[in-house]
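Take a look at the structure set out below.
The values are calculated or read from the model by the stated rules, or taken from the named source; none is laboratory data. Keep in mind that what you see is a predicted model, and the values were worked out from it rather than measured. Cβ sites come from the backbone with ideal geometry, for glycine too, and all protein chains shown count toward neighbours. The protein model used for the area step is the full one, side chains on, heavy atoms only, and it has no ligands, DNA or RNA in it. Shrake-Rupley method; radii C 1.70, N 1.55, O 1.52, S 1.80 Å.
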2 protein chains.
Amino acid sequence: MPSATTLRSDARRNRGRLVASARELFATHGVDVPVEEITQHAGVGMGTLYRHFSTKEELIDAVLEDAFSGLVDAAERAVEAEDAWAGFTSFLEYAIGLHATNHGLKDVIAERAHGAKRAQAMRARMRPLIRRMIERAQEQGTLRADFAPGDVPLIFWTSGRVIETTAGIAPNYWRRYLSLLLDGLRLGAATTLPEPTLTPAQLQRATRGRRA
Amino acid sequence: MPSATTLRSDARRNRGRLVASARELFATHGVDVPVEEITQHAGVGMGTLYRHFSTKEELIDAVLEDAFSGLVDAAERAVEAEDAWAGFTSFLEYAIGLHATNHGLKDVIAERAHGAKRAQAMRARMRPLIRRMIERAQEQGTLRADFAPGDVPLIFWTSGRVIETTAGIAPNYWRRYLSLLLDGLRLGAATTLPEPTLTPAQLQRATRGRRA
DNA sequence: ACAGAAACGGAGCGTACGCTCCGTTTCCGA
DNA sequence: TCGGAAACGGAGCGTACGCTCCGTTTCTGT
């Protein structure tokens, strides 16, 4: 079991091809592209893929690593915005814009399942940032007080669905949806929300479960 | 090819069992339950199913017929409400409550595809009713003016996703989501929506397409 | 130059789905 | 009662997926 830098030249080359191929296909078609399509597009065999990545999940996780850290960076920038509402909303617009561009990212974040190591770590780093964004906007009196951090996944789940349904038909339609939803988040909304937000435990179950 | 009433007694009995079995399983597990599970739960063989319904889609369509007409009834009642906003929102709450109870209905309405005859007819009957609801609420000055009938599927698509994700964890959480979204629909929202609504042609493509 | 370790690739396995085919059983009128 | 039409049921087909296995090829240090 040699260290990562001790790969034979052809192995390193093929690994690169696989990642590039997967990056492209995941972005355009989502993570459900068959592994065979990935290997063919990369010009390698199936065996080669599974020597480098013990599972398809692992490949997904590796390919999306960059996108994950890009999201965390955006969240860190958003937390520092003077206008917390602007920071929060522009973060959401950026993140969901990424979903529209990179369907693989959308699948991992907005769909259930697909919770590999790097995705998990990204979520963990994101959580306190989002909490800060929300707290600040509520302190500044721009975000309704009964919105909670546990409600943020709601935005991703639902936006993901809009993108899935309209991506090939009206690629920017998700902006209309997000705008609508954000208007419901502003302070001064006419109602108070029914039902509590989701607890961390509930969220964990929601993002893991498959059908029984 | 005998008329519908000229079925042999065992055939009529088994057809009833199939529909009952499918109704139950579709409601609890959605339309993705394997046909074999439906036939086993009904105590009949696969051949029996496919003699009565030439395709699984047709079975779905037949089983959901009642739910479809229930929806249309609710829409007709909603149109007549004095307070058009109340009519519109309580219709949405009723419809989405049905989605939470009957996952098969949700799959057909909130998911893409599954567009058989009766579902299609239900949609056609619903369209003018929804248009009236929206027009009236806008005339009464309670629904924002830039919301359009073409945006209604948005509500079903996204609520469907919320239900799918949280049904087993927080069965009423969708109410919180819907409340949030409806607050964004009220007149006096701070923004005007970006991006136009979907045209009928776009909607048709959105509710039909499968992945290429 | 060459041995052998490393990497390769794709046929094939296991699973799950919708649906069909056809030998067997059941019903029902004469 | 009994024959044939009607209905039955489930093994099996075709498809699509993730993944494995192993004979073949390629790289690399000596």
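Working carefully through the options A:ALA4, A:ALA11, find the one that is more than 14 Å from every other protein chain (Cβ to nearest Cβ), surrounded by fewer than 17 Cβ atoms within 10 Å (Cβ to Cβ), near DNA strand C (Cβ under 7 Å from one of its atoms) and modelled with pLDDT under 95.
Values: A:ALA4 fails: near DNA strand C (Cβ under 7 Å from one of its atoms).
Just a single option satisfies the conditions, and that option is A:ALA11.
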Among the candidates B:VAL79, B:VAL44, B:VAL63, B:VAL33, single out the residue that is over 12 Å from the mean Cα position of the chain (by Cα) and within 22 Å of B:PRO171 (Cα to Cα). B:VAL33
For residues that are over 23 Å from B:ILE163 (Cβ atoms) and open to solvent by 20 Å² or more (accessible area, probe 1.4 Å), scanning just region B:21-40, find the one that is nearest to DNA strand C (Cβ to nearest atom). B:VAL35
Quick check, is B:VAL33 touching a helix residue (DSSP H, G or I) at 6+ places or on another chain (Cβ under 6 Å) and under 19 Å from B:LEU64 (Cα atoms)? yes
Checking B:GLN202 against (1) modelled with pLDDT under 90; (2) of a type outside the set (Ser, Thr, Tyr); (3) within 15 Å of A:TYR177 (Cα to Cα): exactly one of these is not met. Which one? (3)
Residues (surrounded by 21 or more Cβ atoms within 10 Å (Cβ to Cβ) and over 12 Å from the mean Cα position of the chain (by Cα)) located in region B:88-109: B:PHE88, B:THR89, B:PHE91
